[in-house]
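The values are calculated or read from the model by the stated rules, or taken from the named source; none is laboratory data. Bear in mind that the values here come from a model prediction, so they are computed numbers and not experimental data. Don't worry about glycine lacking a Cβ; one is built from the backbone with ideal geometry, like all the others, and counts go over all protein chains shown.
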């Protein structure tokens with residue numbers, strides 16, 4: 001018995017043709033969208049830029065997603081993995097009416113159609129990939145590899161949501177995508193939705209065959225079954241489009257039934273392991289339905305017909321007419337109602353689903369009073385662990401929001417390593433694989449996702465979670481957050497564009513905590529010493545990035561609380577997880593952190609000879625230690641300026657900046673990362689900054705030796721001061737002697753000097 005009636009089949013075919021016609025029109029046509037006259041060169045864009053090869057397969061998928069949404073009243077969204085599949089999302093949003101609702105100038109008639117065609121991949125128009133401007137999108141298609149993991153983030157805590165991820169066979173070769181197949185081990189069928197991967201095998205990348213497409217059915221089945229998926233095939237074996245429509249409709253009905261069965265079987269169960277979720281392998285030709293000369297080859301990837309002169313116009317016209325526009329359009333250019341009759345309505349339209357405009361659904365995060373987590377300190381009189389103390393605050397954030405299910409923590413197996421142990425007093429790690437006797441803090445219902453050793457997994461899941469209207473953070477080793485540089489860069493571009501779109505509601509910020517940083521990676525060696533993420537993120541638009549370098553627990557608590565409450569930002573926090581002196585009390589912290597920069601009066605003199613500035617907890621410690629030497633052994637007057645919000649160096653008004661750093665007084669700046677960061681932020685200031693920072697020197701050594709190797713230690717700072725001011729050779733020799741003493745001592749004992757380990761500030 002057939003799944004589709006003849007009537008349904010006819011509608012699906014006409015709709016499929018409509019999507020492809022609109023896609024080709026967007027690629028080529030400047031004018032004459034209904035082909036009312038014979039094509040001329042004036043009708044063609046002067047630069048035809050875009051892609052076609054992946055488009056028909058994705059349109060085919062969209063057609064059938066719309067069908068099952070309507071038939072079963074599904075809450076469904078999509079992720080277009082193939083990079084330049086922008087026409088697909090725009091086309092289907094136009095056909096379901098969402099596009100015109102958001103962009104009224106793109107009317108559903110001939111004039112609107114012409115505007116729709118012209119704007120694609122055209123100056124002042126829309127991009128060739130799925131972008132923020134596209135209704136229904138939360139996934140930036142400009143870089144490959146993230147469709148599955150973004151879909152995973154979207155379904156967390158969305159139990160009735162089905163997120164369909166169209167995975168291109170080229171995209172499937174990327175590292176992040178290959179890693180993402182294990183998402184099924186973390187999806188709880190009770191509390192989460194469903195990710196439905198549809199791998200589109202069309203055979204080619206830009207100019208090479210794809211690996212998956214050349215694998216046999218048996219081999220590819222074994223691969224994905226090995227990952228724990230239930231594999232369904234829909235293959236074009238030189239069959240007609242009618243036969244493909246029937247195969248896809250039957251398969252989608254079976255899959256919907258399978259999903260509902262799984263959901264019912266696992267309902268309200270406590271002890272569960274992950275089910276075998278369904279997925280589809282869709283085989284079609286590259287450039288399916290396109291010109292026969294390029295169909296099924298890599299030459300269909302971008303522009304199948306190069307319009308170099310009038311001789312190619314006939315080919316293009318024949319191609320467009322093969323979609324039977326007479327069956328698609330009314331005389332005025334509107335789409336025939338019958339074709340659109342099966343489409344979902346209202347918010348069930350994938351292009352109009354509010355989940356894809358996550359800010360509309362955003363519930364404010366409940367946060368505790370930060371005063372309850374602040375330490376009672378006085379200028380270094382106690383030592384404590386900043387990240388461990390942060391764990392208590394995050395524990396209570398999780399507890400306060402447990403009924404809303406809208407806050408999660410993500411990392412690549414680092415919650416314990418980064419000292420956030422206290423969160424496990426109220427939650428566990430989400431994990432649906434078997435649990436062993438000696439496993440700790442794993443169960444199917446945890447709020448922490450850190451059981452997968454992949455930065456891409458953690459970052460991508462967080463992005464998907466935020467983009468669909470929730471809150472969260474990622475914490476990672478400073479050196480290895482660099483693995484997702486590009487991923488975060490794409491998110492930054494997304495935020496930049498969404499801020500320019502009035503219809504996009506603000507989402508919760510992407511909060512990144514970098515810990516296990518370079519000055520604590522003495523024991524792991526040179527490979528773990530890389531602070532360059534600051535450089536990377538600082539290049540993004542300033543209105544979407546903030547960089548914080550808290551110097552103790554109280555400043556860290558203040559900072560994370562501020563960041564969690566912010567929207568449409570990428571907040572980067574560099575924090576310590578080791579024992580460190582604690583500097584400012586609650587009142588001092590609030591005053592200092594609200595400004596982001598300031599003089600530490602307790603360590604400063606009036607009318608200073610030198611200014612010692614610092615950013616980062618370790619450089620701050622060494623500046624204070626250097627200041628103590630200068631106070632004890634010289635008559636040099638010192639001002640200590642601490643920077644907790646990095647961009648103040650650039651953004652602070654000149655008058656205020658000059659009060660902190662009076663012109664004519666030398667400034668030595670002790671910085672956490674690469675010195676060029678401070679140079680870039682202060683290049684237009686009148687003051688002279690001498691900058692100490694990470695100089696790419698490192699080894700397996702001691703913590704203090706890391707500072708010595710890179711000259712951010714107290715002794716090198718004092719020597720720099722003395723050289724600048726031409727003062728006190730005796731103190732300089734003292735510092736040089738201490739450095740030699742340190743050199744010999746660590747090689748003899750394997751640990752730092754007692755006077756370094758036990759140093760304390762004296763008021």
Criterion (without any contact (Cβ under 8 Å) to a residue 40 or more places away in the chain and buried (at least 19 other Cβ atoms within 10 Å of the Cβ)) met by exactly one of 408, 349, 395 | 395
Only residues that are crowded, with 18+ Cβ neighbours inside 10 Å, in contact with a strand residue (DSSP E or B) (Cβ under 9 Å, 6 or more places away or on another chain) and part of a loop (DSSP other than H, G, I, E, B): list them for region 298-337, please.
-> 301, 307, 328
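Residue-by-condition table, conditions (1) at positive phi; (2) in contact with a helix residue (DSSP H, G or I) (Cβ under 7 Å, 6 or more places away or on another chain); (3) crowded, with 20+ Cβ neighbours inside 10 Å:
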residue	(1), (2), (3)
214	no, no, no
223	no, no, no
235	no, no, no
243	no, no, no
250	no, no, no
255	no, no, yes
282	no, yes, yes
290	no, yes, yes
Flag for residue 130 being closer than 15 Å to residue 58 by Cα, assigned to a loop (DSSP other than H, G, I, E, B) and touching a strand residue (DSSP E or B) at 6+ places or on another chain (Cβ under 6 Å) = yes
Pick out the one residue from 97, 86 that is under 29 Å from residue 355 (Cβ atoms), assigned by TED's automatic domain parsing to the domain that holds residue 202 and without any contact (Cβ under 8 Å) to a residue 60 or more places away in the chain.
-> 86
When you look at residue 267, is it touching a residue at least 12 places away in the same chain (Cβ under 8 Å), over 22 Å from residue 82 (Cα atoms) and surrounded by 15 or more Cβ atoms within 10 Å (Cβ to Cβ), yes or no?
-> no
Sort out which residues of region 260-283 are over 30 Å from residue 214 (Cα atoms) and not in a loop (DSSP other than H, G, I, E, B), and write them in order of number.
-> 260, 261, 262, 263, 264, 265
What number of residues within region 187-204 satisfy the criterion of being in contact with a helix residue (DSSP H, G or I) (Cβ under 9 Å, 6 or more places away or on another chain) and surrounded by fewer than 20 Cβ atoms within 10 Å (Cβ to Cβ)?
-> 1
By residue number, the members of region 153-178 that are in a helix (DSSP H, G or I) and touching a helix residue (DSSP H, G or I) at 6+ places or on another chain (Cβ under 6 Å) are 153, 154, 171, 172, 176, 177
Within region 340-357, is there a residue that is over 24 Å from residue 128 (Cα atoms), in the same structural domain as residue 189 (by TED's automatic domain parsing), touching a strand residue (DSSP E or B) at 6+ places or on another chain (Cβ under 7 Å) and at pLDDT 95 or above?
-> no
When you look at residue 715, is it farther than 19 Å from residue 551 by Cβ, modelled with pLDDT of 95 or more, touching a strand residue (DSSP E or B) at 6+ places or on another chain (Cβ under 8 Å) and buried (at least 18 other Cβ atoms within 10 Å of the Cβ), yes or no?
-> no
Determine whether residue 138 is within 16 Å of the chain's Cα centre (by Cα), under 29 Å from residue 361 (Cβ atoms), crowded, with 24+ Cβ neighbours inside 10 Å and at pLDDT below 95.
-> yes
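Among the listed residues 138, 149, 77, identify the single one that is closer than 29 Å to residue 403 by Cα, assigned to a strand (DSSP E or B), assigned by TED's automatic domain parsing to the domain that holds residue 328 and in contact (Cβ under 8 Å) with a residue 24 or more places away in the chain.
Exactly one of 138, 149, 77 is closer than 29 Å to residue 403 by Cα, assigned to a strand (DSSP E or B), assigned by TED's automatic domain parsing to the domain that holds residue 328 and in contact (Cβ under 8 Å) with a residue 24 or more places away in the chain, namely 77.
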Quick check, is residue 487 in the same structural domain as residue 529 (by TED's automatic domain parsing), surrounded by fewer than 24 Cβ atoms within 10 Å (Cβ to Cβ) and within 18 Å of residue 541 (Cβ to Cβ)?
-> yes
Tell me, yes or no, whether region 372-383 has at least one residue that is touching a residue at least 60 places away in the same chain (Cβ under 8 Å), assigned to a helix (DSSP H, G or I) and over 20 Å from residue 153 (Cβ atoms).
-> yes
Among all residue pairs at least 6 apart or on different chains, which show Cβ distances below 7 Å where the first residue, located in region 109-130, is outside the structural domain of residue 44 (by TED's automatic domain parsing) and the second is modelled with pLDDT of 90 or more and in a loop (DSSP other than H, G, I, E, B)?
-> none
How many of the residues in region 433-450 are in a loop (DSSP other than H, G, I, E, B) and either surrounded by fewer than 22 Cβ atoms within 10 Å (Cβ to Cβ) or free of Cβ contacts under 8 Å to residues at least 24 places away in the same chain (or both)?
-> 11
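Yes/no per residue for (1) closer than 26 Å to residue 553 by Cβ; (2) part of a helix (DSSP H, G or I); (3) at pLDDT 95 or above:
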position: 475; (1), (2), (3): yes, no, yes
position: 484; (1), (2), (3): no, yes, yes
position: 502; (1), (2), (3): no, no, yes
position: 505; (1), (2), (3): no, no, yes
position: 511; (1), (2), (3): yes, no, yes
position: 524; (1), (2), (3): yes, no, no
position: 527; (1), (2), (3): no, yes, no
position: 530; (1), (2), (3): yes, no, no
Just checking, how many residues over region 690-709 are more than 32 Å from the chain's Cα centre (by Cα) and either under 18 Å from residue 638 (Cβ atoms) or without any contact (Cβ under 8 Å) to a residue 60 or more places away in the chain (or both)?
-> 4
3 or more residues over 22 Å from residue 621 (Cβ atoms): qualifying helices (runs of 4 or more DSSP H) within region 672-746 | 676-682
For region 451-468, state whether one or more residues are more than 21 Å from the chain's Cα centre (by Cα), closer than 19 Å to residue 181 by Cβ and outside any strand (DSSP E or B).
-> no
